[in-house]
Amino acid sequence: MAIIDFFDRGWRINPNAVAYIQDERSFTFQEAGEMSYRVANALIAGGFGKESKGAIWSDNDVIGWTCALGLWRAGLTYIPVNGRNVAEENQYVLDFFDCEVLFFQQQFAAVIEPLRANLPKVRQWVCLDGSLPWATSLSEWLKGVPTTAPQVEAALNDVATLSATGGTTGKPKGVMNTHRAFQTYFAQFMIAFPYEGERPVNLAAAPMTHTAGMLSLPCTAQGGTVVVVTKPDPATVLGAIAKHGVTEMFLPPTVIYRLLEIPGIDKIAFPSLKFFLYGAAPMSVEKLKRAIEVFGPVMAGGYGQTEAPASIAFLPPEAHFVDGKLASDERLSSVGRPNPLIRVEILNERNEVLPIGGTGEICVRGDLVMKGYYKAPDKTAETIIDGWLHTGDIGHLDAEGFLHITDRKKDMIISGGFNVYPSEIEQILWGHPAVHDCAVIGVPDDKWGEAVKAVVELKVGQEVDAEELITLCKQKLGSVRAPKSVDFTAALPRSQVGKVLKKDLREQYWQGVERRI
């Protein structure tokens, strides 16, 4: 199935039901489907088709998402744009990815207009919610366009999305994911999180340009409703769960931590919630236990990458328990078992499969894996070797088949000749009652080469000194792996999906010094 087939499946099941809700406005499957027909027909009439690429520069927005459906329906490749990136990065992405048509919200017009001279390949500018001298309004562009189904068939190996990634070491790379990859992703999601006799209600609160958008499609395929939250502040998220009877949602750990700190959160019931997915960054085991207390036995872990979207492994709600009791910390710190439609192995530096328990690089093969990096065959060859996608994550599989991520390969610290994995130190620090979030990095040290440093963000109103945190880590992990120093910060640098940007953090300490790993 192509991506658009998943929407159409839900449309056939439930044509007059509500497909999307945003604020006080709702859209039936029929309304959204017909608009996607019109967008697709307008694109085709404008000379856009297979091999063309279209982008949407927008916050979470049903109209913008429906235009993405129209892009797929016309056979185009969709370029998601992070509206909160700096303008120069988005300009680079749109130009390097050969964008030809750009849909955007009017709130971004002042940022986009100065970039137009540097985007000569864009032939069509469409404003979703207004009209500008240099851009056609969506309503005007669609005037008189028929709502008939365009006769375009997508092949499973056609590129469905071209997503920016890997900007940590230079310019972003373009990940080419196919309809086949997304078919695998959606199938694995529906296997892991089944519904019996009810239709799902999905809360799209995280950015739809990232995981939340694609996570909405399995819900849509089952004739369910997607509730789109434009500003995901904690009060709005909690209110939407109750108001709409939300059954599933995804949030990165940092947002979950903020929810858990809301006064009186323990007194709120969430009877409709079945699956509360966390991922995109490591989750504190102690905070995960707290989330289970607050939200119930609904927490569900997920692991994926842009290059193997969102479904390398899942830890479904029931796997958080053993014989009716909360599972061990070791189980809870895992990302679950690898999913059934792909193969996951741990490989050493000679690309040999390691035995159970062996630590090496997590590698994936199968239909979930990207086609490659756009216009970068050399980088593709470095990442996909003999059919294996090398994730850059270090980890192991335990005796029960659960996958554990030790760390990112590039984040590993070599201190005095010892390999130190930041994630195990971060788990200890997250368990301290005063710590809201933290990041562990290596910093220059004349004696050790790299010294372990923790950068800590405290909870509001809480205090703890560095020595207390260092002592805690020494007691749990020994002196080699314990931080040698702790810095405190008001806010760690984070990406749009909540990942701590360790590259930005390290740069503060490595200026003028060459890192040796």
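Here, each number is a calculation from the coordinates, and none is a lab measurement. Since the structure is predicted, the reported quantities are computational estimates derived from the model, not experimental observations. Methodologically, a virtual Cβ is constructed for each residue, glycine included, from the backbone with ideal geometry; neighbour enumeration extends over all protein chains shown.
Projected label points at ILE13 and SER139, each 7 Å from Cα along the beta carbon direction, are separated by 3.3 nanometres.
Computed from backbone phi with θ = phi - 60° and the Karplus coefficients 6.51, -1.76 and 1.60, the 3J(HN,Hα) list for the range 355-372 is x, 3, x, x, 9, x, 8, 6, 10, 10, 9, x, 5, 6, 6, 4, 6, x Hz; x is used for glycine and proline. Relative to the longest principal axis of the C-alpha atoms of the chain, give the angle of the C-alpha long axis of helix 466-477, reported between 0 and 90° and rounded to the nearest 10°. Compared with the principal axis, the helix lies near 80 degrees. For the range 239-249, putting each phi into the Karplus relation 6.51 cos²θ - 1.76 cosθ + 1.60 with θ = phi - 60° gives couplings of x, 5, 4, 5, 5, 10, x, 4, 9, 8, 7 Hz, in residue order, rounded to whole numbers and with x for Gly and Pro. Taking amide H as placed 1.01 Å from N in the peptide plane, the amide H of MET299 sits under 5 Å from that of PHE276, each at least 5 places away or on another chain.
Per-residue ellipticity at 222 nm computed for the chain from its helices equals -8500 deg cm²/dmol, with DSSP H segments shorter than 4 residues left out and the rest contributing -39,500 (n - 2.57).
Rounded, prolate or oblate: pick one for the range 143-193, where a ≥ b ≥ c are the square roots of the eigenvalues of its C-alpha gyration tensor, a/c under 1.5 means rounded, and failing that, prolate if a/b is larger than b/c, else oblate. Here the range 143-193 falls in the oblate category. The structure shown yields volume of the Cα convex hull per residue in Å³, and of the options [x] 155; [y] 193; [z] 182 that calculated value carries the label [x].
Please find the FRET efficiency linking GLN508 to ASP446, where r is the Cβ-Cβ separation and R0 is fixed at 25 Å, and quote it to the nearest 0.05. Approximately 0.85, to the nearest 0.05.
Computed with the Debye formula from one identical point scatterer per Cα of the range 419-510, without solvent, the log10 of I(q)/I(0) at q = 0.22 Å⁻¹ comes to -1.15. Shown for GLU349, GLU100, GLU51: other C-beta atoms within 10 Å of each C-beta, ranked fewest to most, produce the order GLU349, GLU51, GLU100.
When you filter the chymotrypsin sites (Phe, Trp or Tyr not before Pro) in the range 112-197 for DSSP loop state and at most 13 other Cβ atoms inside 10 Å of their Cβ, you are left with TRP134.
For VAL435, the residues whose amide H sits under 5 Å from its own are LYS459, ignoring neighbours fewer than 5 places away on the same chain, with H placed 1.01 Å from N. For SER311, the amide hydrogen comes within under 5 Å of the amide hydrogens of GLN305, counting only partners 5 or more places away or on other chains and with H modelled in the peptide plane. Kirkwood-type hydrodynamic radius, the range 1-41: 10.6 Å, calculated from all non-identical alpha-carbon pairs. Exposure proxy ranking for ASP465, ASP95, ASP411, based on other Cβ atoms within 10 angstrom of each Cβ and starting from the fewest, stands as ASP465, ASP95, ASP411. Between the range 487-505 and the range 1-37, the C-alpha centres lie 37 angstrom from each other.
Need one number: % antiparallel among DSSP beta bridges in the chain, to the nearest 5. Don't jump to the answer; show the numbers that get you there.
Details: 53 of 89 bridges.
Antiparallel bridges make up about 60 percent of those DSSP assigns within the chain.
What the Cβ-Cβ distance of VAL86 and PHE488 gives, at R0 = 35 Å and to the nearest 0.05, is a FRET efficiency of 0.85.
Legend: residue pairs LYS409/LYS499; LYS53/LYS231; LYS453/LYS476; LYS121/LYS375; LYS243/LYS274; LYS267/LYS289, Cα-Cα distance threshold 21 Å; pairs beyond threshold, LYS53/LYS231.
Volume per residue, Å³, of the convex hull around the alpha-carbon atoms of the range 107-207? Walk me through the numbers before you get to the answer.
Values: hull volume 23.3 nm³, N = 101.
Convex hull volume per residue, Cα atoms: 230 Å³.
Taking the average, over residues, of other Cβ atoms within 10 Å as the packing measure, peptides 481-488, 435-442 rank 435-442, 481-488 from highest down.
Each residue of the range 94-102 was assigned a 3J(HN,Hα) from its phi angle through the Karplus curve 6.51 cos²θ - 1.76 cosθ + 1.60 (θ = phi - 60°); the sequence is 5, 6, 5, 7, 6, 5, 10, 9, 10 Hz, with glycine and proline shown as x.
Stick to the Cα atoms of the range 111-166, pair each with every other, and give me the Kirkwood hydrodynamic radius in Å at one decimal. Display every interim value, and only then the final one.
Details: mean 1/r = 0.0682 Å⁻¹.
One decimal place: 14.7 Å for the Kirkwood radius.
Using the average count of surrounding beta-carbon atoms within 10 Å as a protection proxy, the listed peptides 33-43, 277-287 rank, highest first, as 33-43, 277-287.
Taking 0.36 nm per residue of sequence separation and removing the Cα-Cα distance, the SER26/ASN351 pair yields an extension gain of 111.9 nm. Straight-distance candidates among the aspartates and glutamates for linking to LYS371, with alpha-carbon spacing under 15 Å and chain neighbours fewer than 8 residues away dropped: GLU51, ASP158, GLU307, GLU382, ASP386. Taking Cα atoms only, the orientation of helix 179-192 departs from the longest principal axis of the chain by about 60 degrees. What distance in nm lies between label points placed 7 Å from Cα along the C-beta direction at GLU196 and GLU293? Here the modelled spin labels are 3.1 nm apart. Listed by Cβ neighbour count within 10 Å, with the fewest neighbours leading, GLU140, GLU307, GLU361, GLU89 appear as GLU140, GLU89, GLU361, GLU307.
Loop-located GluC sites (Glu not before Pro) across the range 173-281 with a Cβ neighbour count of 15 or fewer within 10 Å are GLU196, GLU198, GLU261, with loop assigned by DSSP.
DSSP finds beta bridges in the range 181-408, and of those with both partners inside it, around 65 percent are antiparallel.
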